[in-house]
Structure formats: structure tokens, C-alpha cells
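To keep things clear, I will list the structure first and then write my remarks on it.
The values are calculated or read from the model by the stated rules, or taken from the named source; none is laboratory data. What you see is a predicted model, and the numbers here were worked out from it, not measured in a lab. Methodologically, a virtual Cβ is constructed for each residue, glycine included, from the backbone with ideal geometry; neighbour enumeration extends over all protein chains shown.
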Amino acid sequence: DAPTDAVPAPGTTWVDAALLAALELRVGQDLWLGDSRFRISQVIALEPDRGAGFMSFAPRVMIHADDLAATGLVQPASRITWRFAVAGDDDQTVRAFADWADTEVARPDVRGMRLESLEGGSPQMQQTLTRAEKFLNLVALLAALLSAVAVAIAARGFAQRHLDDCAMLRVLGVSQPVMARAYAIEFLLVGVAASVLGVAIGYAVHHVFVWLLAGLVETALPAPSVWPVLLGMGMGLTLMVAFGLPPVLQLARVPPLRVIRREVGQLRPATLAVLGLGVAGFAVLLIVASRDLVLGGIAVGGFAVAVALFALAGWVVVRVLRASVNEATAPRALVLATRQFSARPVFAVVQISALAVGLLALVLLVLLRTDLIASWRSATPPDAPDRIVINIQPDQAAPFQQTLQDAGVTRYDWYPMIRGRLVAINGQATQPERFTTDRAQRLVEREFNLSHAVDMPSHNQITGGQWTPQEADGLSVEEGLAKELGLQLGDRLGFDISGQLFERRITSLRKVDWGSMRVNFFVIFPVSALPEAPVTYITAFRAPAGDTGFDNALVRAFPNITHVDLSQTIAQVQRVLGQVIRAVEFLFGFALVAGLVVLLATITATRGEREHEFAVLRALGARSALLRQVQRIELLGVGALAGFLASLVAMAVGWALARYAFQFAWQPPLLVPVAGSLTGGVLALVAGWWGLRGILQTPVMQTLREAA
């Protein structure tokens, strides 16, 4: 195999390998096309832009354009389609041409033209790329939300450590405006430096993505534009202003009295005006970055509601713990842990909320990543049908099925197929002029592939009405067709089948996955037979592995059939799917590491308070073993509670995202809250051990002197 940008020389032809096998030809021999003879010079291994139309599945023969007229193949009523392929140097040029082409195709005097692109190609490819793009956008949103939590925690810790310094500066005569400007400039400079570093790392990591997706698009990708740089800088600075600056600006309002009275001048929650303005700006930026209003709205709205629920649940838990633990009978470690936890209720609520938000992002990513990849793989499973055969005559049905069974093919779709034209809707003739879209006009002008079956196809799903077996006056219609033609349950449709009028009422609507390799129909009669209608049969099956002569033997045994080999199409879809999954897995791992870092920051944010509290307890005689138990109980309790709350919200948000953004059926496992509680407890314990491991080793006198 070798890539080429050449075309067949005059008098020669390039052909698919399937054609050589079917006609028992070799390279160098002659092939007659119409009135002309061509020498076979090359074999086509891969044609990336072939498309997915039904006629595209037939073996390909390429000749020079100047040789076409001599073949005599183009005659009145010939089935011929012209394709004009273009390429641009940059995305803006391609988009401008696509907009112009869309305008031309939409003109009322233009019929039968359409614009093809990577996004509008085969249903499998389109669905895979669309879902992958949305998942990557979701990962970016969750990473930004995790960053918001990390910035808020870091800024509060920074402000807490500098309260005494600011009080001393106030005693020495530094005014509030001067201090506010100094800290604001310092923090913004840090934000700019961090944003620049993040953009640089992102630029380097994007090359890894290009390597992972190599081969998905057989061309050099354009150089990155300035838009990602501006978005990264804007996101970083917005995070700093919205979540980092409010606690830092409170340093300017520290009273000088704190120098001699440490209990005054503590940090207070940011004002609603400042916090609301920052959060609103951040939410707008997230929705713009998501490029999908539904995806961004569900993610941002879900997290906003989650924060409120987490805070409320944390406050309730603090109150319950304070009232429920019996200090006389409970273990001493549990009593101390509960007393420590409930002694600072505001900080406890903040810690639970921050930890739950981080776990929510992780649980949501794990659930959607697992089920999204499963849905991708189920669309084209390894045993998916890779052959479609049509035009099987009724008297050939039994011998054809026997041939399949003799070859070891035991699983296959088998349906009758009837050709019919839609001629009436509710008694009115279907005229193309009645419909506004070009697709609807084409549908009423063409013949439909109809079928009948007592049982609904197992790979279809009822979305409206009811499938009633042997309902003589019933019809089941695919929901997309019904929407395109404006059909509803109860409408009567009339089909012209070989000169006979068949009128039936729509009794059910079905959802059909056109991206699957199964046999599907727009319209099905829910009956076992239509004796008056001429019928042929269609089947889809997977060819026996390793039997290279099976296809040719089948065509020789039944020369009238139309045999379509889908193996190359399936292989291309599965190859692209594998590359997309690798990219998704890579970014998933990146977000997972970011979430774990945020969890560690959330736990270690309490290091100063814990050092002081444990030093006092040790000075009063508490043993290190007892304090370790207290620390473990508190960490396990907070982590388990945060994991439980995060799992419940993740199930709700994940269901909404799966249904309305990714559009695939998703039933969250019922054991997710249990698994989330266990995971949250273990992660909190591990993060606490790593971040707080030196607290009990610090001498008591050193800790008390630093606190004083």
C-alpha cells in the first residue's frame, strides 16, 4: 500500500480487490466497461472519501475522465452522480466555502444536491465524533470547575496565613487602599504567570493528541490559532478574580487590634455581590467554552445546585453529630473527632462541599467515560454484521438460509422487503410542494423499502404508541421520518405497491439506530404476511472468518442477489473509534490527576488548624495513637459523606447529560452511592495521611510558639 495523488492513465483502470476476486481477474489483464477495454494497472486499498451511500458499497472502478465518453455508459436515464471535492488551507476558508455551498443547495430551483463533510458522513462516524467532541468539552468544563475549587482553597489559605502580617502593617500606618492594591497586583501577577504556564503546557500536550489521532484525518492539521491561547488566559484570570481575589482583598480590612487579640479579624465569607459577579462571569465563560448550550447548561447548572445541596447537607450533618454522639458512652476517639468537627461548623461545611465537588467531577467522569465507550463499542461490536444481501426471491429463502447455516452462520437478520411509494397522507395526495425541506420532498418522490413482521425488531425502540402484533390496520413508522414529514400517531398513510393502494393507520413510532449494521426500515406493517404485495428478502450477517471464497460462492449459487461487503467500512469505523477512545482515555487520565490534586489540597487546607488543636491536646496529655485515630475517623467520615453526596448528584447530572447532550440510553448502577462513599473515604484517608503526616511529629512547644 502506498498513498498517491495521481489518477489512472488513459486506457488503464484502478479497481477494488473485491472486483478481482469476483471476476477472477489479475493486475495486467483487461476489463471491459461498456464499449471500451481497459488494462487493470492498480488495486485500490483504501479510498478515504468514498462516502457511505448504498451505491458506494459496490466494487470501485476508476478510469481517466477523458475515457468516460467512449464507454457509452452515460446515456439518457443513466444513474450517474457527480461529486466535486475541494480542500482548503485553513478552517476559515473551508467554512466560507461550506456556507456558500449551503446557500446554493437551499435555493428553490436546485434539487438533488447536498454538501458532504466529515461531520455529515456515515452515521457511525458522525455519532462517534460528535460524542467524542462533547465528552472532551465536558472534561474541559470539569477541569475548570476543579480549578475553581483549588483556587478558592489556595486563596483562603494564603489569606489566613497573612492575617497577622496585615495587622502589623496596619499598626505601622499602611492604609487599606494601599494594602488592597498591593495584594491585588501580587495575586493578578501570579494569575498571569500561572495562566501562561498552563497555556504552554496545554500547547505541548496537544501534540500528544495529534499523535493519538494520527490517521483519523489523512492530512496535516493546521497550526493552532490564537483562540485557545486567549481562552486559556481568560479562563485563568477569571478563576483568579472570581474565586481567588475576594478572600485576599479581605486582608486590607484586618483591624490593627488583631496584633494583641488573635480572635478578631478572622476571614469572613465573601459578599454576595462580589461572589455572585465572579461566579456569573465564570459560568458564562464555561458555557461559551463548551460550544454546546445544553452541555454547558447541564454541567454548570448541575454543579451550582450541587454546591447548595452539599452545603445544606454538611450543615445538617454537623447539627446531627453535635446532638447524637453520647460523650459518656461513645469511644473517646469518636467523641474527640465529633467535637473537633462540630466546633468549627462553617469550616466543616466548606470542607465537605469542596471535597464533594471534587469527587462529583471524578465520579461523573468515570461513569460517563465507562458508559460512553461501552455505547460506542456496542454500536459496532466485533460480531456486527459485515454483509448485506438484497433481492433474495421467495423461492430462494429456504435454500439461502440453509447455505448460511452450512457455512456456520447462525445469527443473521432476515426480513421481507417491499417497494412502495407514499402517495397519500390522511386522504390527501402527497405533492412535493407541500413540504418545505429538500429531504422531505425527496422522500415523497422516491420509493420506500417497507417490511412486515409480527414482532418488533429487537434493536428498535418504541417511542410513541404501541406495537400490536397482527394489527391489520396498523403501521409502525420511524420517528425521524415522522418528524420530517410532519406525521403523528393516528394519521393514515397510503402506499402504492405495484399499482395497489395499501392504507394503514400509524399506531406506533420507533427509534432506529441508523449507525448500526442491522437491517432497519422506515415503515413496518405489524403483520405476519401481506399476500397481495410482491416481496423479496433482505439479510445481514457476518461472513465466516477465514473463508475467502464464501462471497464468490454465494453469488454463483444465487446470481440474482445484490451482495454488499461492509467489512472495509466497519474496519474504518472501528479504527477511528479506537483512536478516539485513546484520546478520550488520555484526557480522562489528565482530569483524574487534577481531581486528585484538588482532593489533596482540600484535605491539607486544614493543616494549620489541626496542628494547633493537636498541640493543645498533646499538651493536655493526649497520646499520639489517640490523635491518629481521631484524624482517621474525621477523614473517613468527611470523605465517605462527600463521596455519598457526590455519587447521588453525579447519577442525576450524568443521566441528564447522557439523555440530552450525548443522546444515548444510560441507566446508572444502583451501587454507585456505596462505591462513591467507599472511594471518598479511602481517597480522603490517603490524601490526609500524605498531607498531614508530619503534624504529630512536630514538637508541641514549637507549634504553640508559632501559634502565639
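Descriptive notes on the structure:
- Of Ala397, Ala424, all but one fail to be surrounded by fewer than 16 Cβ atoms within 10 Å (Cβ to Cβ) and under 23 Å from Glu532 (Cα atoms); the exception is Ala424.
- When the residues of the stretch 559-570 are filtered to those that are surrounded by fewer than 18 Cβ atoms within 10 Å (Cβ to Cβ) and at pLDDT 75 or above, the one that is nearest to Glu47 (Cα to Cα) is Ser567.
- Scanning the stretch 148-163 for residues that are surrounded by 19 or more Cβ atoms within 10 Å (Cβ to Cβ) and either of a type outside the set (A, V, I, L, M) or under 30 Å from Glu585 (Cβ atoms) (or both) gives Ala148, Val149, Ala150, Val151, Ala152, Ile153, Arg156.
- Checked against the criterion of being of a type outside the set (A, V, I, L, M), at pLDDT below 90 and out of contact with any Phe, Trp or Tyr (no Cβ under 6 Å at 6 or more places or on another chain), the candidates Ser41, Ser36, Ser78 yield just one match: Ser78.
- Residue within the stretch 664-679 that is within 30 Å of Pro331 (Cβ to Cβ) and buried (at least 23 other Cβ atoms within 10 Å of the Cβ) present: yes
- Ala193 vs. criteria assigned by TED's automatic domain parsing to the domain that holds Glu585, exposed (fewer than 12 other Cβ atoms within 10 Å of the Cβ) and either within 21 Å of Asn137 (Cα to Cα) or modelled with pLDDT of 80 or more (or both): yes
- Test for Ala182: is it outside the structural domain of Leu249 (by TED's automatic domain parsing), farther than 30 Å from Leu599 by Cβ and part of a helix (DSSP H, G or I): no
- Residues that are crowded, with 16+ Cβ neighbours inside 10 Å, of a type outside the set (A, V, I, L, M) and more than 17 Å from Leu285 (Cα to Cα), drawn from the stretch 226-255: Pro246, Pro247, Gln250
- In summary, Gly480 fulfils each of the numbered conditions (1) surrounded by fewer than 16 Cβ atoms within 10 Å (Cβ to Cβ); (2) touching a helix residue (DSSP H, G or I) at 6+ places or on another chain (Cβ under 8 Å) with the single exception of condition (2).
- Residues in the stretch 1-44 that are free of Cβ contacts under 8 Å to residues at least 60 places away in the same chain, over 24 Å from Ala553 (Cβ atoms), assigned to a loop (DSSP other than H, G, I, E, B) and not charged (D, E, K, R): Ala2, Thr4, Ala6, Val7, Pro8, Ala9, Pro10, Gly11, Gly28, Gly34.
- Residue match in the stretch 637-646 (condition: of a type outside the set (Asp, Glu), at pLDDT 80 or above, loosely packed, with under 15 Cβ neighbours inside 10 Å and farther than 27 Å from Arg332 by Cα): no
- Taking the stretch 453-475 as the range and being in a strand (DSSP E or B) and either farther than 20 Å from Ile425 by Cα or in contact with a Pro (Cβ under 6 Å, 6 or more places away or on another chain) (or both) as the test, the residues that pass are Gln461, Ile462, Thr463, Gly474.
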